[in-house]
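The values are calculated or read from the model by the stated rules, or taken from the named source; none is laboratory data. Keep in mind it's a predicted model, so treat the numbers as computed, not measured. Cβ coordinates were reconstructed from backbone atoms using ideal geometry, including for glycine residues, and neighbour counts include every protein chain displayed.
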Amino acid sequence: MRHTISIFLLLVCIWLLNSGFFTPLILSLGLLSVVFVVWLAHKMDVVDEESQPIHMTARLPGYFWWLFVKIVQANIDVVRHIWRPKLSISPCTARVTASQSTDMGKVIYANSITLTPGTVALDVDGDQILVHALSRDGLADLQTGEMDRRVKALD
């Protein structure tokens with residue numbers, strides 16, 4: 001039930017922010033549309049812990065900030081490799097272990113790898129993620145397990 005309430009409140013906020021009109025007719029039509037969407041989602045049985053990860057809400061801003069810093073650092077590393085041809089690009093692939101217990105955690109981990117320039121998650125198979133990296137340094141940074149631990153803390 002709390003996930004249904006959460007999705008209702010989220011949709012109301014999104015609708016109010018996008019609408020900009022607060023006349024009684026518009027507000028009632030907006031409320032009716034939100035109630036219909038929540039009812040439909042509930043009927044389809046798509047409102048659950050994975051679709052509404054309320055338990056992650058408090059920890060996400062810290063993770064997003066850390067990921068933002070990693071993305072900036074990786075961008076600088078990629079630009080250094082482009083501007084300095086002497087820094088060899090050594091494309092490589094390897095499997096990294098995903099210690100997340102949920103599918104959502106594994107998806108967040110794989111997407112975080114792909115968001116970081118110079119690395120791409122190619123395949124997720126069980127608890128293994130196949131990663132392509134622009135350089136061995138980028139792969140070594142990933143194999144330290146820091147990103148895996150931070151995503152695991154979100155679970």
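With D141, D77, D137, D103 as the choices, which residue is of a type in the set (D, E) and either within 30 Å of I5 (Cβ to Cβ) or modelled with pLDDT of 90 or more (or both)? Exactly one residue qualifies, and that residue is D103.
In the set S88, S99, S135, which member is among the hydroxyl-bearing types (S, T, Y) and in contact with an Asp or Glu (Cβ under 6 Å, 6 or more places away or on another chain)? Let's see the steps before the verdict.
Details: S88 fails: in contact with an Asp or Glu (Cβ under 6 Å, 6 or more places away or on another chain); S135 fails: in contact with an Asp or Glu (Cβ under 6 Å, 6 or more places away or on another chain).
Of the residues listed, the single one that is among the hydroxyl-bearing types (S, T, Y) and in contact with an Asp or Glu (Cβ under 6 Å, 6 or more places away or on another chain) is S99.
Of note, W65 does not satisfy the criterion of being of a type outside the set (V, I, T) and modelled with pLDDT under 90.
Could we say that T114 is more than 18 Å from Y63 (Cα to Cα) and hydroxyl-bearing (S, T, Y) here?
On the way: more than 18 Å from Y63 (Cα to Cα): no; hydroxyl-bearing (S, T, Y): yes.
Criteria not met by T114.
Consider the stretch 107-155 and keep the residues that are in a strand (DSSP E or B) and among the small types (G, A, S). The one that is farthest from the chain's Cα centre (by Cα) is A133.
The condition (being assigned by TED's automatic domain parsing to the domain that holds D148 and more than 16 Å from K152 (Cα to Cα)) is satisfied by just one residue among A110, A121: A121. The residues on offer are F36, F8, F21, F64, and the sole one that is of a type outside the set (S, T, Y), more than 21 Å from S135 (Cβ to Cβ) and not in a helix (DSSP H, G or I) is F21. Candidates in the stretch 1-32 are the residues that are under 23 Å from V47 (Cα atoms) and small (G, A, S); of these, the one that is surrounded by the most Cβ atoms within 10 Å (Cβ to Cβ) is G30. Taking the stretch 73-106 as the range and being surrounded by 12 or more Cβ atoms within 10 Å (Cβ to Cβ) and assigned to a helix (DSSP H, G or I) as the test, the residues that pass are Q73, A74, N75, D77, V78, H81, M104, G105, K106.
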